[in-house]
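Quick notes on the structure that follows.
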Amino acid sequence: MTPEHDVRLSALMTRAYKYIRLEWNPEFSALRLRTCVKPIQCYSLSAMTELQRVLHDIAESPGLVKHFVMTSDVPGVFNFGGDLSLFVLLIRARDVESLRMYGRRCVDLVWWMENASKLGVHTTVLVQGDTLGGGLESVMPFHKVIFERSAQAGFPEVLFNLFPGMGAWNFTIRKAGYAIANEMILSGRLYTAEQLQRRQLVDVVVDDGDGEAAVYSVIQTVNPRLRGTLAALEARRHAAPVTYESLMAIVDQWTDTAMTLTDRDLRLMERLARAQARKAGGGAEGAVDEIKRMELDTAWGEERGTGITVWGGLGG
């Protein structure tokens, strides 16, 4: 490591963060980023600002970081994705530009991951626990995706008449094909780690508690052939390109769709946000349980032919 790298690494590691924690492994030049966002483990604007600052520092210091690893410090949750409470606030205020700005900042994060091979960085993500919507979108551009067996993931947005708008279509189609993308995004279903692996969206599934060893194994395996691996991954990007323009076009459509949501849709979003907060606070039930209740509401509404009824009341 050069003296300049030493200075840059020191600046990176000593900066004050509120929602992330950094760890450095000098043996492999590996930077690990752990997230812990309060009150809900999601991609809040403040959390994304800190994430973007770290990623910017990596990009500005070529050769400093060779392996980037992302995990969660919140037990049972990797990431709940979009900041639903903020969405409700902006939609009710008819603040289109702020909603679009949020979408663009999400795209900027996945776009950095998409371009990591060009920056000389191999990326690995470890998912331990639930990851929904934008949380699942965020892991897809990683070079290696590891799930512990109890983790669940999916795109529930259709349950409140929205869709995942920050890369889900692009990356799911590229990794798994149109049929799987349609199935996952239009159904709103949740999937187990094994189901996601069968759909080619997860590379490695390990027993609970074995995720740390799996991350180390990936880094050990990739490191001796890092330059060749990154060159091959960069070639893969050219073979199946995802463009920033297409990502932003979908954000624009997502924003327009969000502004059409009804009060009922917004109340369902608020209900899910409350469930996320319960899970983040250590509650026995959380967002996954709430999604299952919403699915049950929909099924009973269809069965009765009277529209959706809210199981248990909106108060949750």
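The values are calculated or read from the model by the stated rules, or taken from the named source; none is laboratory data. Nothing here was measured: the structure is a model prediction, and the numbers come from that model. A quick note on method: Cβ atoms are made from the backbone with ideal geometry, for glycine too, and the neighbour counts reach across all protein chains shown.
Among the strands (runs of 3 or more DSSP E) contained in the range 94-148, which hold 3 or more residues that are touching a Pro at 6+ places or on another chain (Cβ under 6 Å) and either at pLDDT 95 or above or surrounded by 23 or more Cβ atoms within 10 Å (Cβ to Cβ) (or both)? Steps first, answer last, please.
Details: elements: 122-127, 130-132, 144-148.
Once the strands (runs of 3 or more DSSP E) in the range 94-148 are filtered for at least 3 residues that are touching a Pro at 6+ places or on another chain (Cβ under 6 Å) and either at pLDDT 95 or above or surrounded by 23 or more Cβ atoms within 10 Å (Cβ to Cβ) (or both), nothing remains.
Within the range 9-31, not a single residue is modelled with pLDDT of 95 or more, surrounded by 15 or more Cβ atoms within 10 Å (Cβ to Cβ), among the basic types (Lys, Arg) and over 15 Å from the mean Cα position of the chain (by Cα).
Among the residues of the range 32-71, none is identified as in contact with a Gly (Cβ under 7 Å, 6 or more places away or on another chain), within 23 Å of Tyr216 (Cα to Cα) and part of a strand (DSSP E or B).
The rows are residues; the columns are (1) free of Cβ contacts under 8 Å to residues at least 60 places away in the same chain; (2) not in a loop (DSSP other than H, G, I, E, B).
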| position | (1), (2) |
| --- | --- |
| Ala213 | yes, yes |
| Arg227 | yes, yes |
| Pro241 | yes, no |
| Leu261 | no, no |
| Leu268 | no, yes |
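Looking at the range 163-188 only, could you name the residues that are in contact with a strand residue (DSSP E or B) (Cβ under 9 Å, 6 or more places away or on another chain) and not in a helix (DSSP H, G or I)? The answer is Pro164, Gly165, Met166, Gly188.
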